[in-house]
Amino acid sequence: MNFKNLLPTIVLFSAALFFAYDIIADFADGNEGLLHIVVESMVFIAILYVLFREIRNLSRLKIELSEERTRTARLSGELLAVMRSQFAQWGLSQSESDIALLLIKGLSMKEVARARQVKEKTVRQQATSVYAKSGYAGRHELAAHFIEDLMNQDPAEN
C-alpha cells in the first residue's frame with residue numbers, strides 16, 4: 001500500500017485523536033457546556049465509525065489484491081503451459097518454441113538473436129519453420145491464435 005491509499009485513514013485517525021484530546025481537555029477544564037461535549041462526542045463517534053469502516057475496507061482490498069495477483073500469476077502460468085502444449089502439437093523443437101515465445105512477446109528478429117546469442121539469419125530460419133509448422137503467416141497470426149483462446153475461454157472455468 002502506498003501513502004496515497006493510506007491518506008484518508010491517516011486523516012481520520014488524526015481527527016479522532018484531536019477530538020478525543022479536545023473532549024478530555026473540555027472535561028478537565030470544566031468550562032464547556034454539556035451540549036458542546038455531547039456534540040464533540042457524537043462527532044468523535046462518527047469519525048471512529050468511518051475510520052473502522054475505512055480500515056475494514058482497506059483490509060478487504062488488500063486481500064482482493066493478493067487474490068488477483070495470485071490469479072494473474074496462475075493464469076500466466078496456464079497460458080504458458082497452453083502455449084507449450086500447442087507448440088508440441090505443432091511439432092516445434094525447443095529452439096523453435098523459444099523463438100515463438102519471444103516473437104509473440106513482440107521482440108524483433110534482431111532482439112531475439114541477441115537474446116539467444118545466435119545470428120539473426122538463424123532466427124529468421126527458425127521463425128519461418130515455426131510459421132510453416134503452425135500454419136500461420138507471421139507473428140501477428142501466431143499471437144492472435146493464443147489471444148483468441150483467451151477471449152473464447154469461459155470465465156466460469158477459472
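Taking the stretch 130-144 as the search range and keeping residues that are among the small types (Gly, Ala, Ser) and closer than 18 Å to residue 106 by Cα, which one is surrounded by the most Cβ atoms within 10 Å (Cβ to Cβ)?
First, pick out the residues of the stretch 130-144 that are among the small types (Gly, Ala, Ser): 132, 134-135, 137-138, 143-144.
So of that shortlist, the ones also closer than 18 Å to residue 106 by Cα come out as 134, 137-138, 143-144.
Details: 134: 19, 137: 10, 138: 12, 143: 16, 144: 14.
Filtering the stretch 130-144 for residues that are among the small types (Gly, Ala, Ser) and closer than 18 Å to residue 106 by Cα, the one surrounded by the most Cβ atoms within 10 Å (Cβ to Cβ) comes out as 134.
Tell me, which residue of the stretch 3-38 that is modelled with pLDDT under 85 and of a type in the set (D, E, K, R) is surrounded by the fewest Cβ atoms within 10 Å (Cβ to Cβ)?
4
Where in the stretch 1-120 are there helices (runs of 4 or more DSSP H), lying wholly inside it, with at least 3 residues that are out of contact with any strand residue (DSSP E or B) (no Cβ under 8 Å at 6 or more places or on another chain) and among the polar types (S, T, N, Q)? Spell out how you get there, then give the answer.
Numbers: elements: 3-29, 34-90, 94-104, 109-116.
Fully inside the stretch 1-120 and qualifying: 3-29, 34-90, 94-104.
Which numbered condition trips up residue 137, out of (1) in the same structural domain as residue 12 (by TED's automatic domain parsing); (2) over 22 Å from the mean Cα position of the chain (by Cα)?
(1)
The values are calculated or read from the model by the stated rules, or taken from the named source; none is laboratory data. Predicted model, so just to flag it, every value in this text is computed and none were measured. Methodologically, a virtual Cβ is constructed for each residue, glycine included, from the backbone with ideal geometry; neighbour enumeration extends over all protein chains shown.
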